[in-house]
Amino acid sequence: MGGYMEEEWEWNFLWRRPLFDNEISKAINFLQHVESKVIQIQRRDDWVWTLDPSGQYTAKSAYRMMMGGATHGTQDRDFEELWKMKVPTKFAVFAWRLLRDRLPSKTNLQGRQVEIDDRTCLFCKNAEEEAGHLFFHCTKIIPMWWEFLSWVNNVGVFPQDPRQHFLQHESIVVDGLRTNRWKCWWLAVTWTIWKKRNDIIFSNDSFDINNMMEEATFLTWTWLRNLEKDFVIHFNQWSSNLREEGFVYH
Ligand SMILES: [Zn+2]
């Protein structure tokens, strides 16, 4: 039974406050560990998932836990939409942190009394590194979002708030927009940005927007293959024709 208590403690420990990057793999391992568990009736001392009356792990109860017991209201819609995408756990966890502004950006670290000498964005070196800037408004990054608008033949101003940015398909009017594909693109772009930012800081990598576009496109394609039954188009064919049929119905 000891294992259960420990795990429960870890679970609470990890989800009840913002996570640092080095804790994320721990959280993901834990989720995968729990997901792989099979409850065996004949054994007395075993796992009990206390968040669901059945004692069995369910994605829904884990989701409720991640919401911190919040009641379902409009402000949780972002996470509901994210959950429906069925992307691998690590991506969902990343997006959840971004949507709740819990990523350790330089500004957030400073807020937690971590001394940061230089808080400027390392892409443009011209503004403070907080989520709204880093992911959506940095002049080095914004071409990735513009590119998407050109694919769906639209122009617009992007919301600064991560949540509104994610849910903007509800307000922008694009004929025949495939909203699931927009959400996959959104997650792929933000993931790619965070990964590049960390690679620059920790691995001396350099900024390369073409490389990031390629990576985000490929990620989107892999998720769509899981999400849409009839999405069987070859990557090269799909990625070279994004303007025509990548993100809108015809
Ligand atoms: Zn910047």
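V248's amide H: which non-local residues (gap 5+, or another chain) put their own amide H closer than 5 Å, with H modeled 1.01 Å from N in plane and none for Pro or chain starts?
R178
Can you work out ³J(HN,Hα) from phi for every residue in segment 137-142, in order, using Karplus 6.51 cos²θ - 1.76 cosθ + 1.60 and θ = phi - 60°, giving whole Hz and x for Gly and Pro?
Going residue by residue, I get 10, 4, 5, 7, 9, 4 Hz, with x marking Gly and Pro.
I'd like the FRET efficiency for E244 and E214, computed as 1/(1 + (r/R0)^6) with the beta carbon distance as r and R0 of 22 Å, rounded to 0.05.
On the way: r = 19 Å, r/R0 = 0.86.
After rounding, the FRET efficiency stands at 0.70.
Quick one: S150, S105, S239, fewest Cβ neighbours within 10 Å first, how do they rank?
S150, S239, S105
Using amide H atoms built in the peptide plane, which far-off residues or other-chain residues are under 5 Å from M85 H to H?
none
By counting other Cβ atoms within 10 Å of each Cβ, how are H137, H234 ranked from fewest to most?
Values: H137 18, H234 9.
Final ranking by Cβ density, sparse to dense: H234, H137.
Which ³J(HN,Hα) values in Hz, rounded to whole numbers, follow from the phi angles of segment 231-242 under the Karplus curve 6.51 cos²θ - 1.76 cosθ + 1.60, where θ = phi - 60° and Gly and Pro get x?
Going residue by residue, I get 8, 10, 5, 5, 4, 4, 5, 5, 5, 8, 10, 5 Hz, with x marking Gly and Pro.
Mind checking the log10 I(q)/I(0) for segment 106-245 at q = 0.18 Å⁻¹? Debye, one equal scatterer per Cα, no solvent, two decimals.
-1.09
Mind listing which chymotrypsin sites (Phe, Trp or Tyr not before Pro) in segment 213-250 are in a DSSP loop and have 16 or fewer other Cβ atoms within 10 Å?
Values: sites: F218, W221, W223, F231, F235, W238, F247, Y249; in loops: F231, F247, Y249.
Those that pass, being in a loop and sparsely packed, are F231, Y249.
Using amide H atoms built in the peptide plane, which far-off residues or other-chain residues are under 5 Å from A127 H to H?
Hits under the 5 Å cutoff: C121.
³J(HN,Hα) across segment 180-189 via Karplus (A = 6.51, B = -1.76, C = 1.60, θ = phi - 60°), whole Hz, x for Gly/Pro?
Along segment 180-189, the couplings run 4, 6, 4, 5, 5, 4, 4, 5, 5, 5 Hz.
What residues of segment 165-200 lie in the reach of a label at N153, counting those whose backbone N is under 15 Å from a point 7 Å from the Cα along Cα→Cβ?
173-178
Kindly put R243, R197, R163 in sequence by how many other C-beta atoms sit within 10 Å of each C-beta, fewest to most. Please list the in-between numbers first.
On the way: R243 13, R197 23, R163 17.
The most exposed by this proxy come first: R243, R163, R197.
Every read-out reported here was derived from the displayed coordinates using simple, explicitly stated rules and does not represent laboratory data. Here the structure is a predicted model, which means the values were calculated and not measured. So basically every Cβ, Gly included, is an ideal-geometry build from the backbone, and we count neighbours across all protein chains shown.
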